[in-house]
1. Over 20 Å from residue A:136 (Cα atoms) and either acidic (Asp, Glu) or within 12 Å of chain B (Cβ to nearest Cβ) (or both): does that describe residue A:68?
2. Mind telling me which of the residues B:195, B:214, B:206, B:227 ends up being within 15 Å of residue B:135 (Cα to Cα), touching a residue at least 24 places away in the same chain (Cβ under 8 Å) and among the hydrophobic types (A, V, I, L, M, F, W, C)?
3. Can you pull out every residue in the stretch A:8-57 that is out of contact with any Leu (no Cβ under 9 Å at 6 or more places or on another chain) and farther than 25 Å from residue A:282 by Cβ?
4. Take residue B:146 and decide whether it is assigned to a loop (DSSP other than H, G, I, E, B) and either within 10 Å of chain A (Cβ to nearest Cβ) or crowded, with 22+ Cβ neighbours inside 10 Å (or both).
5. If a residue must be more than 8 Å from chain B (Cβ to nearest Cβ), closer than 20 Å to residue A:12 by Cα and in contact (Cβ under 8 Å) with a residue 60 or more places away in the chain, how many such residues does the stretch A:111-138 contain?
6. Is it the case that some residue within the stretch B:268-278 is open to solvent by 20 Å² or more (accessible area, probe 1.4 Å), under 16 Å from residue B:178 (Cβ atoms) and either modelled with pLDDT of 95 or more or hydrophobic (A, V, I, L, M, F, W, C) (or both)?
7. Name the pairs: first residue in the stretch A:261-288 and free of Cβ contacts under 8 Å to residues at least 60 places away in the same chain, second residue surrounded by fewer than 17 Cβ atoms within 10 Å (Cβ to Cβ), Cβ to Cβ under 6 Å, at least 6 apart or on different chains?
8. Within the stretch B:11-20, track down each residue that is open to solvent by less than 60 Å² (accessible area, probe 1.4 Å) and farther than 17 Å from residue B:113 by Cα.
Protein chains: 2
Amino acid sequence: MFHEALKAAAQDVQAVFDTVLAEYEDFPVVHAMRYAVAGGKGLRGFLVLESARLCGVDRSGAQFAAAAVEAVHAYSLVHDDLPAMDDDDLRRGRATVHVKWDEATAILVGDALQTLGFELLSRDEVGPAEVRVALITGLARASGAQGMVLGQAQDIAAETAGGDLDLAGITALQANKTGALIGWAGQAGAVMAGADSAALARYSAALGLAFQIADDILDVEGDAATAGKRLRKDESAGKATFVSLLGMKEAKARARALVEEAQDALGPYGAEADVLKAAARFVIERDK
Amino acid sequence: MFHEALKAAAQDVQAVFDTVLAEYEDFPVVHAMRYAVAGGKGLRGFLVLESARLCGVDRSGAQFAAAAVEAVHAYSLVHDDLPAMDDDDLRRGRATVHVKWDEATAILVGDALQTLGFELLSRDEVGPAEVRVALITGLARASGAQGMVLGQAQDIAAETAGGDLDLAGITALQANKTGALIGWAGQAGAVMAGADSAALARYSAALGLAFQIADDILDVEGDAATAGKRLRKDESAGKATFVSLLGMKEAKARARALVEEAQDALGPYGAEADVLKAAARFVIERDK
C-alpha cells in the first residue's frame with residue numbers, strides 16, 4: 001500500500017514538472033532541470049500528498065506543493081554535489097549535473113529549481129492566497145539560512161573543524177539540514193487545510209531524525225550501486241555521525257524508537273494514517 | 001533629488017536586511033549574506049520604492065519588496081562571480097564572496113539570498129495575501145529559467161559559441177538577464193496598488209535595455225576602480241555587445257533614445273514621476 005502510494009506520488013509530481021517545464025525554452029539548462037528532478041524516491045512530495053489526503057485537501061492542488069518541495073530538494077542536491085561542496089559524481093544512479101553538463105550549468109540549474117519551487121507554490125491551483133503565502137513562508141524558513149542552508153553550512157564547518165560534534169550538535173545540524181524540509185512537507189497538508197498541524201509536526205520531526213540516522217547507517221552498510229550515490233563518505237571524511245557517536249547497534253535502536261514515536265504521533269488520525277505510518281518504517285528500512 | 005531618493009532607498013533596504021538578518025544565527029554564511037547585500041547602487045530596490053510612491057503604496061510595506069529584489073539581485077551576483085561562472089574577484093569595490101570566504105560559502109550565500117527574497121515577499125508587511133502572491137509569481141518568473149537564469153545561460157552559450165549573436169539575439173538575451181528583474185522592480189508599485197502597470201512596464205523595459213547598453217559602454221570606457229568591478233571583460237572574451245554590434249557612437253545614441261522612451265512612458269504621471277525620469281538619465285550616465 002505504501003509503495004503504491006509512494007510511486008503514485010512520484011508520478012503526480014513528475015506530471016507537474018512535465019507540464020510546467022514544457023512551457024520553458026528548449027535550452028540545456030532546462031534539460032538539466034528535468035534531469036535533476038527525475039529519479040528520486042520522492043519522499044518529500046509523498047509526505048505533502050499524503051498529509052494533504054489525511055487532511056481532506058484536494059490532490060490536484062496539493063501536487064503543486066509536492067512538486068515544489070521536490071524542486072527545492074533537487075536544487076539542494078545539485079548544489080551539494082558540486083566540486084566545491086561534496087564533489088559527488090553519482091546521484092540517483094546517474095552522473096551528477098555538473099558531470100553530465102558542467103559546473104556553470106549545475107549552479108544555474110540549482111538556482112532555477114529553487115525559483116521553480118516558489119513559483120509552483122504561488123500558483124492558483126494550490127489554494128487561497130493565504131494558504132499559498134503560508135506555504136511559501138514556511139518553505140523559505142525551512143530551506144534558507146535558518147534551515148537547510150544553515151545545516152549545510154554547519155556540516156561544512158564541522159568537517160573543517162575535524163568532526164568534533166557531539167550528539168546534541170549533530171542532532172541540531174541534521175534538524176536543519178534535512179529535518180526542516182521534511183518537517184515542512186509532513187505538515188503541508190494541515191497548512192493547506194487550515195487544520196491543526198501539531199500531530200503532523202511531531203510525526204515529521206521524528207521521521208526526519210529517523211531518516212538521517214538511517215542515512216548514516218546506509219553510508220556504512222549500504223551498497224553504492226543500489227543506493228545510486230557514493231557511500232562511505234562520512235568515515236573517509238572523519239565526520240561525526242549518529243553511527244560514530246552511538247555505535248551501530250544503538251543507532252539502529254534509536255531509529256526504531258523514532259519510527260514508533262512518529263507512528264504514535266499519528267494516533268489521532270486512526271487507520272487513515274496507515275500509509276504515513278508505513279512511510280516511517282520505510283525510512284529506516286530503505287536501501288537507497 | 002534623484003540621488004537623495006536613491007540613497008534613501010538603499011538605506012531603507014539596508015534597514016530591512018539589518019532587522020531581518022539579526023534574527024539569523026551568528027554563522028559565517030550569515031555574515032557573508034550581510035556582506036553580499038551591502039554596497040550596491042540599490043537601483044532595483046529604488047525602482048520598487050519609487051513606483052510604490054507613485055502608486056500611493058505605503059513605504060513600510062514596499063521596503064520589504066525592495067529588499068526582496070535586492071536580495072535576488074545580490075544572489076545572482078554572488079553566483080555569477082564564481083570561478084565556474086565569470087570568475088570575478090572584485091564586486092562593489094570589494095573582494096567577491098568566494099574570494100573573501102570560499103566557494104562553498106558563496107554557493108550557499110547565493111542560495112540563501114534567493115530564499116530570503118521570497119521569504120521577504122511573503123511577509124505580512126507587504127500587503128494582502130493576493131498582492132504578495134502576485135509579487136512572488138512575478139519575481140519567480142523574472143528570475144528563474146524563463147527570465148534571469150535563462151539569460152545567464154544564453155550568455156554562457158553565446159560565449160562558448162564565440163560571440164556570434166546579432167542585435168536581436170543580444171537584445172533578447174539582455175531582456176532576460178537584466179531586463180526581467182528591472183521590469184519586475186519598476187512595476188512592483190502598480191502590482192502592490194492593484195493598479196494598471198502598463199506605463200511602468202513600458203518605462204522599465206526601456207530603462208532595462210538602456211541600463212544594459214550603458215553597461216556595455218562602461219565595460220569599454222569605464223574605470224575599474226570607480227566601477228568597483230572588473231571591466232574590459234567583453235572584449236577579452238570576444239563577446240558580442242551593443243557596442244561591438246552598433247559601434248560606440250550609435251550605442252550611445254540608442255541609449256539616449258531609450259531614456260527618452262522611458263521618460264515618455266511616464267507621461268500619465270506628470271511631475272510626480274520626475275524622480276523616475278531622473279533615474280532613467282542616471283542609468284546611462286553612471287560610472288559604476
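The values are calculated or read from the model by the stated rules, or taken from the named source; none is laboratory data. What you see is a predicted model, and the numbers here were worked out from it, not measured in a lab. Here Cβ is always computed from backbone atoms with ideal geometry, including for glycine, and neighbour counts include all displayed protein chains. Just so you know, the surface numbers come from the protein's heavy atoms only, side chains and all, with ligands and any DNA or RNA stripped out. Shrake-Rupley method; radii C 1.70, N 1.55, O 1.52, S 1.80 Å.
1. Spelling it out, it is not the case that residue A:68 is over 20 Å from residue A:136 (Cα atoms) and either acidic (Asp, Glu) or within 12 Å of chain B (Cβ to nearest Cβ) (or both).
2. When all the criteria are applied, what remains is B:195.
3. Within the stretch A:8-57, A:18, A:19, A:22, A:23, A:26, A:28, A:31, A:35 meet the criteria.
4. Judged against the criteria, residue B:146 is a match.
5. 6
6. Scanning the stretch B:268-278, I find no residue that is open to solvent by 20 Å² or more (accessible area, probe 1.4 Å), under 16 Å from residue B:178 (Cβ atoms) and either modelled with pLDDT of 95 or more or hydrophobic (A, V, I, L, M, F, W, C) (or both), so the answer is no.
7. none
8. Correct list: B:12 only.
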